[in-house]
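Notes follow the structure.
The values are calculated or read from the model by the stated rules, or taken from the named source; none is laboratory data. Everything numeric in this text was worked out from a predicted model, so none of it was measured. Every residue, glycine among them, receives a Cβ derived from its backbone with ideal geometry; neighbour counts consider all protein chains shown. With ligands, DNA and RNA removed, areas are computed over all heavy atoms of the protein, side chains included. Shrake-Rupley method; radii C 1.70, N 1.55, O 1.52, S 1.80 Å.
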Amino acid sequence: MIRRLVILSLLVCNIAAAQDTNTATDTIRRFSTHATLFGLGAAYQQDTYLSPLQYEGSQFSVIHEGLRRTHILGGKVFSQSLVQLNVSKSSSPALNADFIGGQVHYDHAWLYDWALGRRWHLMAGPEIGGTLGVLYNTRNGNNPAQALANIRLSASAGAIFRFHLWRRDFALRYHMDFALLGAMFSPAYGQSYYELFSLGHRDHNIRLTHPFNGRRFRNQLTLDIPCKRNTLRVGYFIDVQESHVNEIRHSDAFMGIVIGWVRHLNRKKSNRTVPDGFIL
């Protein structure tokens with residue numbers, strides 16, 4: 001009889017422990033991080049369809065990142081979404097012509113999390129995304145604008161280091177994306193958009209891209225600073241896009257600072273206290 005009671009007690013304890021573990025894991029999965037950053041810095045642009053010269057100027061960017069834990073591989077995979085809006089203006093070396101550009105980027109990644117203790121997290125995984133935009137030259141009469149459109153498969157990786165200083169919890173984050181394979185739209189050299197769309201003259205206008213003819217390399221190093229119930233994020237951002245297809249060379253590079261805020265949301269409760277198992 002005593003043996004049966006002991007076995008029954010052990011079973012009850014195991015079930016309760018499993019329920020506590022599942023409850024804690026589900027609590028962590030309910031939380032998500034949303035960061036909105038504003039960037040300002042130098043822009044370097046070239047598009048030989050519009051001009052053989054390199055233009056220099058400035059760019060303003062708005063970047064929104066969403067990060068949440070999924071149920072994949074026992075909760076070890078995070079889902080990350082990135083939306084980036086760029087508005088730029090750059091001038092020719094003689095200052096007699098300008099590039100005015102606008103782009104929207106969207107990328108979605110699935111990142112596997114390696115937790116190295118309570119301070120370090122390494123993350124890596126695949127990412128898919130695309131870009132839509134336009135680059136306009138104020139001096140050109142014929143072919144004054146170039147359309148920008150592509151889709152891509154990228155490798156995404158990052159690291160997060162959490163540390164305690166001045167009785168506060170800080171987080172140093174690094175994130176990078178590198179395009180591996182994709183497809184992009186491009187007119188042929190000397191081909192006008194009138195020929196392409198009005199006359200229907202096609203000339204290999206959808207091209208396969210890879211690291212040797214079309215690159216996208218994005219780097220972001222930021223520091224999360226707690227401010228009472230909110231979190232301030234500041235850092236440095238580098239975004240480089242290059243392509244060389246149909247005898248047209250395109251280059252768009254941005255380097256600047258970013259600043260914004262981070263919100264930690266609980267999808268089921270109003271309490272925003274972030275559990276220890278969730279990455280900031």
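Scanning region 36-65 for residues that are at pLDDT below 95 and farther than 19 Å from Asp252 by Cβ yields no hits at all.
Taking the criterion of being open to solvent by less than 10 Å² (accessible area, probe 1.4 Å) and either among the aromatic types (Phe, Trp, Tyr) or over 22 Å from Gly158 (Cβ atoms) (or both), would at least one residue in region 73-84 satisfy it? Looking for residues that are open to solvent by less than 10 Å² (accessible area, probe 1.4 Å) and either among the aromatic types (Phe, Trp, Tyr) or over 22 Å from Gly158 (Cβ atoms) (or both), one finds at least one in region 73-84, hence yes. Considering region 200-225, the residues that are of a type outside the set (Lys, Arg) and open to solvent by 90 Å² or more (accessible area, probe 1.4 Å) include one that is modelled with the lowest pLDDT, namely His201. For region 154-167, state whether one or more residues are open to solvent by 50 Å² or more (accessible area, probe 1.4 Å), assigned to a strand (DSSP E or B), closer than 25 Å to Gln84 by Cβ and touching a residue at least 40 places away in the same chain (Cβ under 8 Å). Yes, the conditions are met somewhere in region 154-167. Tallying residues that are open to solvent by 60 Å² or more (accessible area, probe 1.4 Å) and either modelled with pLDDT under 95 or charged (D, E, K, R) (or both) within region 94-106 yields 3.
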